[in-house]
1. Return the FRET efficiency for the residue pair residue 72, residue 136: r is the Cβ-Cβ distance, R0 is 25 Å, and the value is rounded to the nearest 0.05.
2. Can you pull the one-decimal nm distance between simple spin-label points at residue 11 and residue 115, each 7 Å off the Cα toward Cβ?
3. Please compute the length gained on full extension between residue 84 and residue 50, using 0.36 nm multiplied by the number of residues separating them and subtracting their Cα-Cα distance.
4. Against the empirical 2.2 N^0.38 Å scaling, what ratio does the C-alpha Rg of the range 68-156 come to?
5. By how many nm would the segment from residue 106 to residue 20 lengthen if fully extended, with 0.36 nm per residue of separation less the alpha-carbon distance?
6. Given an 8 Å cut-off on Cα distances and at least 6 residues of separation, report the relative contact order of the range 68-156 as a percent.
7. Specify whether the C-alpha gyration tensor of the range 14-62 places it in the rounded, prolate or oblate class, a ≥ b ≥ c being the square roots of the eigenvalues: rounded for a/c under 1.5, otherwise prolate if a/b is larger than b/c and oblate if not.
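Just so it is clear, none of the values below were taken in a lab; they were calculated from the coordinates. Quantities reported herein were computed from a predicted structural model and do not represent experimental measurements. Cβ coordinates were reconstructed from backbone atoms using ideal geometry, including for glycine residues, and neighbour counts include every protein chain displayed.
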């Protein structure tokens, strides 16, 4: 038997266990019926069920429903359509989906698979750093297909590179002739190379 704080109360006869639970105005719940002896816990069963439902709801909300999306291209697709479709592929990957890229051949285009391969290579290049090629380009009837999958490691590495390549802080003097260089300053009191401040001295009076 376990009390509301999780402390072991030892083995208790059922009538005594019920009496203890009622004395605390709580419920006696069997939490491990297959144990020998079975384990019961004193708790507020209504609150327990409510909390359990809330946890399940939150878990479902956070769950990512990963599926496979498809984007279709033509061998003679124009630059505008190519960019639009490829941006959508990037969005699918950012959402955690795999993406099946399909090149649709028509008529005699099927005799020029290199045109489809060229487009698939361009897409893979555009997605470099965000996706990896899970299924290499292959002919499937009159189509050529390739499957991309999100590449979490590559994205994390890219994010790390961005963080380490911090921009130069504002106010740093340039050395291209537009500002003071080598630690010199124009106000007569700057520190150069760690030495003491240089103080201005009055000119000697002529005797």
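1. The pair residue 72/residue 136 has a calculated efficiency of 0.85.
2. It works out to 8.2 nm between the two label points.
3. 7.6 nm
4. 1.04
5. 23.0 nm
6. Taking the mean separation of contacting Cα pairs over the length of the range 68-156, I get 32 percent.
7. oblate
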